[in-house]
Amino acid sequence: MIDILKIRADFPILSQEVNGKPLVYFDNGATSQKPQVVIDAISKYYQEINANIHRGVHTLSQLATDAYEISRAKVQDHINAQFLHEVLFTSGTTFGINLVANGFASILKAGDEVLVSALEHHSNIVPWQMLCEKTGATLKVIPMNDQGELLMAEYDQLLSDKTKIVAVNHISNALGTVNPIQYMIDKAHQVGAAILIDGAQAVPHIKPNMQELDCDFYVFSGHKMCGPTGVGILYGKEAWLNKLPPYQGGGEMIKEVTFEKTTYAELPHKFEAGTPNIAGGIVLGTAIDYLNSIGFDTIQEQELALLNYGTKRLLEIEGLKIIGTAAIKTSVISFTIDGIHPYDIGSIIDKLGIAVRTGHHCAQPIMNHFNIPGTIRASFSFYNTTQEIDRLVEALKKAQMMLS
Ligand SMILES: *Cc1c(COP(=O)(O)O)cnc(C)c1O
């Protein structure tokens with residue numbers, strides 16, 4: 001059983017008032033809140049060991065380097081990557097996808113195909129469009145049904161020996177659909193294609209296992225899993241990371257530089273040009289420790305309870321329609337209310353202390369599929385409660401009265 005009061009006490013922001021009302025934070029899909037241990041670890045880094053890494057012989061530089069590399073090992077362990085040098089620090093999911101898409105520019109040629117799904121975040125669409133423009137490859141889209149589930153029969157049809165890379169999210173940020181990525185990875189490999197999984201929405205809820213999944217790339221951000229902004233991870237299989245060219249040139253990523261020729265550093269440094277977000281990298285490890293201390297079983301149990309309770313309570317509201325009703329979902333409820341613009345609802349309930357996301361959620365093609373401008377999205381975390389859902393329902397009823 002989850003001790004919800006104890007967990008909530010770990011997050012100082014949750015006991016704040018916003019607009020004179022106790023905060024209800026249901027925008028976890030955009031970014032999660034941070035526990036005190038994470039906040040403390042950031043200031044501890046700057047107070048005690050701040051120095052640049054991988055270059056100094058002095059003690060602080062060594063302490064900072066050790067802490068950074070210990071965190072990398074923690075991530076490796078957490079995602080069960082085979083090698084430490086398959087774990088690259090990035091600034092976030094967006095950067096990781098761009099790094100891979102950019103690298104594939106040296107591999108693709110006209111006539112090749114790139115597959116993305118109809119459920120993607122713009123971050124997992126636009127870099128592939130740019131890649132296709134650059135190389136003459138063609139972008140193909142795996143369609144979905146009206147529940148927000150990808151159509152696997154259509155996916156099988158789209159795959160061919162022309163397919164060079166598939167890019168799909170593990171969990172949809174807009175609808176909460178959990179995609180059948182194991183099936184998709186296995187199928188991509190059967191035609192010799194690489195596959196990148198956008199795990200941004202998955203890592204707050206589950207512990208992904210790289211060696212079991214056998215995907216070629218897996219990307220995520222620290223800030224959606226209780227860590228700081230500006231840091232993320234790109235996992236890549238060793239063979240792929242050796243094959244792809246470096247993304248950015250600069251310090252840290254070189255072995256030797258002359259004006260005639262530069263040789264690149266070994267993995268992972270080949271892809272880590274410049275001074276990274278050192279504090280962020282270290283503290284990502286703290287966030288992972290925190291989530292593991294709660295336990296992903298406990299997290300999932302609480303979030304499933306919130307999803308079920310929230311779905312039942314929201315459907316009591318007249319004219320409310322849930323967008324995204326996949327059989328396997330995470331704790332995200334996207335919805336519309338008849339005759340009322342999502343933005344107006346969002347503004348009114350904000351005055352009542354409730355934070356939700358409204359709009360297209362960086363996933364306009366999904367909104368186009370449903371022929372709507374956007375939704376209201378309540379995304380729950382393990383630190384949320386059913387009482388908070390009750391407050392959301394009350395606030396929505398109030399907003400509905402005011403607006404109709
Ligand atoms: C948030 C998100 C991204 C982008 O993450 P950043 O941290 O903004 O780089 C990409 N894909 C999905 C599914 C997301 O939820």
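The values are calculated or read from the model by the stated rules, or taken from the named source; none is laboratory data. As the structure is a computational prediction, the values presented were derived from the model and not from experiment. Note that we place each Cβ from the backbone using ideal geometry, even for glycine, and neighbour counts take in every protein chain shown. Calculation scope for accessible area: heavy atoms of the full protein, side chains included, ligands and nucleic acids excluded. Shrake-Rupley method; radii C 1.70, N 1.55, O 1.52, S 1.80 Å.
Take region 36-94 and flag every residue that is within 16 Å of the ligand (Cβ to nearest atom) and polar (S, T, N, Q).
Thr90, Ser91, Thr93, Thr94
If you check Gln300, Gln248, which single one turns out to be open to solvent by 30 Å² or more (accessible area, probe 1.4 Å), under 30 Å from Asp214 (Cβ atoms) and either within 16 Å of the ligand (Cβ to nearest atom) or at pLDDT 95 or above (or both)? Quick ask: steps written out before the conclusion?
Details: Gln248 fails: either within 16 Å of the ligand (Cβ to nearest atom) or at pLDDT 95 or above (or both).
Every option except Gln300 fails the conditions.
Only one of (1) under 27 Å from Ala265 (Cβ atoms); (2) aromatic (Phe, Trp, Tyr); (3) away from the ligand (no atom under 16 Å from the Cβ) is not met by Tyr183, so which one is it?
Evaluating Tyr183 over (1) under 27 Å from Ala265 (Cβ atoms); (2) aromatic (Phe, Trp, Tyr); (3) away from the ligand (no atom under 16 Å from the Cβ) leaves (1) as the failure.
If a residue must be small (Gly, Ala, Ser), farther than 30 Å from Asn52 by Cβ and assigned to a helix (DSSP H, G or I), how many such residues does region 272-323 contain? Please lay out each step first, then the result.
Let us first name the residues in region 272-323 that are small (Gly, Ala, Ser), namely 273-274, 279-281, 285, 287, 293, 295, 305, 310, 319.
This time we only want the ones that are farther than 30 Å from Asn52 by Cβ, so: 293, 295, 305, 310, 319.
Remaining after also requiring assigned to a helix (DSSP H, G or I): 293, 305, 310.
The total comes to 3.
For (1) under 17 Å from Ser381 (Cβ atoms); (2) buried (at least 17 other Cβ atoms within 10 Å of the Cβ); (3) among the polar types (S, T, N, Q); (4) in contact with a Ser or Thr (Cβ under 7 Å, 6 or more places away or on another chain), each residue gets a yes or a no:
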| site | (1), (2), (3), (4) |
| --- | --- |
| Ile4 | yes, no, no, yes |
| Ala9 | yes, no, no, no |
| Pro22 | yes, no, no, no |
| Asn28 | yes, yes, yes, yes |
| Val38 | yes, yes, no, yes |
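Of all the residues that make up region 213-240, how many are out of contact with any Pro (no Cβ under 7 Å at 6 or more places or on another chain), under 19 Å from Ser71 (Cβ atoms) and either more than 11 Å from the ligand (Cβ to nearest atom) or not aromatic (Phe, Trp, Tyr) (or both)?
Within region 213-240, the first condition is being out of contact with any Pro (no Cβ under 7 Å at 6 or more places or on another chain), and the residues that meet it are 213-217, 219-221, 223, 227-240.
Pick out the ones that are also under 19 Å from Ser71 (Cβ atoms) and you get 219-221, 223, 227-236.
Adding the requirement that they be either more than 11 Å from the ligand (Cβ to nearest atom) or not aromatic (Phe, Trp, Tyr) (or both) leaves 219, 221, 223, 227-236.
Qualifying residue count, region 213-240: 13.
Here are some conditions: (1) closer than 24 Å to His369 by Cβ; (2) away from the ligand (no atom under 16 Å from the Cβ). Gln201 meets all but one. Which one does it not meet?
(2)
Taking the condition of being of a type in the set (Phe, Trp, Tyr) and either open to solvent by 10 Å² or more (accessible area, probe 1.4 Å) or within 16 Å of the ligand (Cβ to nearest atom) (or both), how many residues in region 95-128 meet it?
Narrowing region 95-128 to residues of a type in the set (Phe, Trp, Tyr): 95, 104, 128.
Narrowing the set further to residues that are either open to solvent by 10 Å² or more (accessible area, probe 1.4 Å) or within 16 Å of the ligand (Cβ to nearest atom) (or both) leaves 95, 128.
Of the residues in region 95-128, 2 are of a type in the set (Phe, Trp, Tyr) and either open to solvent by 10 Å² or more (accessible area, probe 1.4 Å) or within 16 Å of the ligand (Cβ to nearest atom) (or both).
Which members of region 190-240 meet the condition of being surrounded by fewer than 16 Cβ atoms within 10 Å (Cβ to Cβ) and over 13 Å from the mean Cα position of the chain (by Cα)?
Gln190, Val191, Gly192, Asn209, Gln211, Glu212, Asp214, Glu238, Ala239
Against the condition within 16 Å of the ligand (Cβ to nearest atom) and farther than 23 Å from Pro127 by Cα, how does Arg357 come out, does it pass?
On the way: within 16 Å of the ligand (Cβ to nearest atom): yes; farther than 23 Å from Pro127 by Cα: yes.
Here the answer is yes, as Arg357 does meet what is asked.
Out of region 205-230, which residues are farther than 11 Å from His170 by Cβ and assigned to a loop (DSSP other than H, G, I, E, B)?
Residues of region 205-230 that are farther than 11 Å from His170 by Cβ, as a first pass: 207, 209-212, 214, 216-217, 221-230.
Hits for region 205-230 are Lys207, Asn209, Asp214, Asp216, Gly222, Cys226, Gly227, Pro228, Thr229, Gly230.
Residues to consider are Leu315, Leu306; find the one that is surrounded by fewer than 18 Cβ atoms within 10 Å (Cβ to Cβ), farther than 16 Å from Gln201 by Cα and among the aliphatic types (A, V, I, L, M).
Details: Leu306 fails: surrounded by fewer than 18 Cβ atoms within 10 Å (Cβ to Cβ).
Being surrounded by fewer than 18 Cβ atoms within 10 Å (Cβ to Cβ), farther than 16 Å from Gln201 by Cα and among the aliphatic types (A, V, I, L, M) holds for just one of Leu315, Leu306, which is Leu315.
Conditions: (1) in a helix (DSSP H, G or I); (2) open to solvent by 30 Å² or more (accessible area, probe 1.4 Å). His54 meets all but one. Number of the miss?
(1)
Going by the structure shown, is Glu260 assigned to a loop (DSSP other than H, G, I, E, B) and free of Cβ contacts under 8 Å to residues at least 12 places away in the same chain?
yes
Just for strands (runs of 3 or more DSSP E) wholly inside region 76-184: which have at least 3 residues that are in the same structural domain as Gly281 (by TED's automatic domain parsing) and touching a residue at least 40 places away in the same chain (Cβ under 8 Å)?
Numbers: elements: 87-90, 113-117, 138-142, 163-169.
It comes to 87-90, 113-117, 163-169.
Would you check which residues across region 326-349 are in a helix (DSSP H, G or I) and open to solvent by 20 Å² or more (accessible area, probe 1.4 Å) and list them?
Filtering region 326-349 for residues in a helix (DSSP H, G or I) gives 342-349.
Answer for region 326-349, where residues must be in a helix (DSSP H, G or I) and open to solvent by 20 Å² or more (accessible area, probe 1.4 Å): Tyr343, Asp344, Ser347, Ile348.
Residue check: is Phe89 open to solvent by 50 Å² or more (accessible area, probe 1.4 Å) and in contact with a strand residue (DSSP E or B) (Cβ under 9 Å, 6 or more places away or on another chain)?
On the way: open to solvent by 50 Å² or more (accessible area, probe 1.4 Å): no; in contact with a strand residue (DSSP E or B) (Cβ under 9 Å, 6 or more places away or on another chain): yes.
So Phe89 fails the test.
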